[in-house]
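Handing you a structure now.
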């Protein structure tokens, strides 16, 4: 089992366990850049966060460490879900009062089953998940978003732009070598601003 860490915030530097197989944790470099952009846009503080295909839970837990009000972490794989629960217990000791909930569920089943709305969503599906499957998940997610929500989708750069379903619009994309992060938001033009449409490489 590997180890990563929370980068910043109230639980900064806290080590997190990473499943030994079957997941692809977002690197610290990518998380640091991502959260710098999210915080600059005012999208983290007080947010209700959803972390789909959560793996170790590092994205959702990083958000809560940096001021998000809550995080729902969704993971189907039993071993990975157990690791997330271990990480949540560790983080909860540093962040009393924050709501951290682990859901042992497939992403699509979770999205169909509840009514909660989310302000910030991380979608990090396995790279072998097809574009059609990712689009289906995004379509199920759309009704669960607040008007000003931002969805960050992590995909292999070689996969190209995800197939964005009706109800969502693509904004910024940023490439980190073999990984690209795509920023999506509700199609409602009244939604709060997020980083403008652009493509950046590092």
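The values are calculated or read from the model by the stated rules, or taken from the named source; none is laboratory data. Being a predicted model, the structure only gives us computed values, none of them experimental. Reconstructed Cβ throughout: ideal geometry from the backbone, glycine too, with neighbour counts over all protein chains shown.
Output the residues belonging to the stretch 67-98 that are without any contact (Cβ under 8 Å) to a residue 60 or more places away in the chain and touching a helix residue (DSSP H, G or I) at 6+ places or on another chain (Cβ under 6 Å).
71, 73, 74, 75, 98
Please state which of the following conditions residue 148 fails to meet, knowing it meets all the rest: (1) touching a helix residue (DSSP H, G or I) at 6+ places or on another chain (Cβ under 9 Å); (2) in a strand (DSSP E or B).
(1)
Also, I was wondering about something else. State yes or no: is residue 128 out of contact with any helix residue (DSSP H, G or I) (no Cβ under 8 Å at 6 or more places or on another chain), more than 25 Å from residue 76 (Cα to Cα), modelled with pLDDT under 95 and not in a strand (DSSP E or B)? Working first, answer last.
Working: out of contact with any helix residue (DSSP H, G or I) (no Cβ under 8 Å at 6 or more places or on another chain): yes; more than 25 Å from residue 76 (Cα to Cα): no; modelled with pLDDT under 95: yes; not in a strand (DSSP E or B): yes.
For residue 128, the condition - out of contact with any helix residue (DSSP H, G or I) (no Cβ under 8 Å at 6 or more places or on another chain), more than 25 Å from residue 76 (Cα to Cα), modelled with pLDDT under 95 and not in a strand (DSSP E or B) - is not met.
Go through the stretch 127-145 and give me each residue that's without any contact (Cβ under 8 Å) to a residue 40 or more places away in the chain and either under 26 Å from residue 47 (Cα atoms) or touching a strand residue (DSSP E or B) at 6+ places or on another chain (Cβ under 7 Å) (or both).
Quick first cut of the stretch 127-145, residues without any contact (Cβ under 8 Å) to a residue 40 or more places away in the chain only: 128-136, 139-140, 143.
Hits for the stretch 127-145 are 134, 135, 136, 139, 140, 143.
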